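Taking it in order: structure first as structure tokens, then the write-up.
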Amino acid sequence: MLKTMQKHGVTLALFAALATGLTAVVNALTKGTIEQQAVAQQKVLFDQVISSDSYDNNIQASCVVVNNSPLGKGDREIYVARKGSQPVAVVMEATAPDGYSGAIQLLVAADFNGKVLGSRVTEHHETPGLGDKIETRLSDWITHFAGKTIQGNDDPSWAVKKDGGQFDQFTGATITPRAVVNAVKRAGLFAKTLPSQVDNLPVCGAQP
């Protein structure tokens, strides 16, 4: 009986080792492909918020980090678009913390004069049929920020129409668009402060 149990134990151990080895091999073989797909998907998203004609660097490789900024709590990645060696715009990760059903994650591109170049929602939990109109697959609402300039923190046009601004709210859902408008506005204003500091910010992935 004891020998049988020992035999089964050895068999299970060998099977576990084999399974672990196979998992490691599969992971090694697919890791590069997964990373390439992630980079490609990010490039597609970047192309939706900033024209590739407006910069000539590898924007995905020109990444810096800010912490606890107007973009949101914690670390936020900023991708710097350059013409030659001159920074001309940024693509920023931003958060609208006050969505109806929680935080809304955004990608916002802006130049350094307060002009928003484009924006997209990357993650949200808003109510289907109401707040989810911030998605481009359901509505073009999020595209209406592109080309609009923020004159300052007190610019009254940067609000939903219910609050006296220029942006539509959704029928039965004002909280969601209001949160997004405010987050895009904060990001655009923050971009205006970046030219003097962008070259001194820590690079993404750098060790503290």
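Report, by residue number, each residue of the range 73-105 that is in a strand (DSSP E or B) and closer than 12 Å to A179 by Cβ.
A94, T95, A96, P97, D98, G99, G102, A103, I104, Q105
Only one of L138, L130 is free of Cβ contacts under 8 Å to residues at least 24 places away in the same chain, within 16 Å of Q169 (Cβ to Cβ) and surrounded by fewer than 23 Cβ atoms within 10 Å (Cβ to Cβ). Can you tell me which?
Being free of Cβ contacts under 8 Å to residues at least 24 places away in the same chain, within 16 Å of Q169 (Cβ to Cβ) and surrounded by fewer than 23 Cβ atoms within 10 Å (Cβ to Cβ) holds for just one of L138, L130, which is L138.
Taking the criterion of being in a loop (DSSP other than H, G, I, E, B), in contact with a helix residue (DSSP H, G or I) (Cβ under 6 Å, 6 or more places away or on another chain) and over 23 Å from V44 (Cβ atoms), would at least one residue in the range 190-198 satisfy it?
no
Just name the residue that is nearest to F190 (Cα to Cα) out of those in the range 106-132 that are of a type in the set (A, V, I, L, M, F, W, C) and not in a strand (DSSP E or B).
Here the answer is F112.
Check T176, T171, T143 and return the single one that is among the hydroxyl-bearing types (S, T, Y), open to solvent by 20 Å² or more (accessible area, probe 1.4 Å) and modelled with pLDDT of 95 or more.
Result of the check over T176, T171, T143: T143.
For S85, indicate whether it is within 30 Å of D53 (Cα to Cα), assigned by the TED database to the domain that holds A187, among the hydroxyl-bearing types (S, T, Y) and open to solvent by 50 Å² or more (accessible area, probe 1.4 Å).
yes
Out of all the residues in the range 140-151, is one or more in a strand (DSSP E or B), among the hydroxyl-bearing types (S, T, Y) and under 12 Å from L189 (Cα atoms)?
yes
In the list P156, P202, which residue meets the criterion of being touching a residue at least 24 places away in the same chain (Cβ under 8 Å) and open to solvent by 10 Å² or more (accessible area, probe 1.4 Å)?
So the residue among P156, P202 that is touching a residue at least 24 places away in the same chain (Cβ under 8 Å) and open to solvent by 10 Å² or more (accessible area, probe 1.4 Å) is P202.
For the range 103-127, enumerate the residues that are of a type outside the set (S, T, N, Q), open to solvent by 50 Å² or more (accessible area, probe 1.4 Å) and closer than 27 Å to K83 by Cα.
K115, L117
Collect the residues in the range 72-82 that are open to solvent by less than 40 Å² (accessible area, probe 1.4 Å) and out of contact with any helix residue (DSSP H, G or I) (no Cβ under 7 Å at 6 or more places or on another chain), keeping them in residue-number order.
Within the range 72-82, G72, G74, R76, I78 meet the criteria.
Please enumerate the residues belonging to the range 51-69 that are part of a loop (DSSP other than H, G, I, E, B) and buried (at least 18 other Cβ atoms within 10 Å of the Cβ).
Y55, S62
The values are calculated or read from the model by the stated rules, or taken from the named source; none is laboratory data. All figures in this text were calculated on a predicted structure; none of them were measured in a lab. Note that each Cβ is placed from the backbone with ideal geometry, even for glycine, and that neighbours are counted across all protein chains shown. These accessible areas exclude ligands, DNA and RNA; they are computed on the full protein's heavy atoms, side chains included. Shrake-Rupley method; radii C 1.70, N 1.55, O 1.52, S 1.80 Å.
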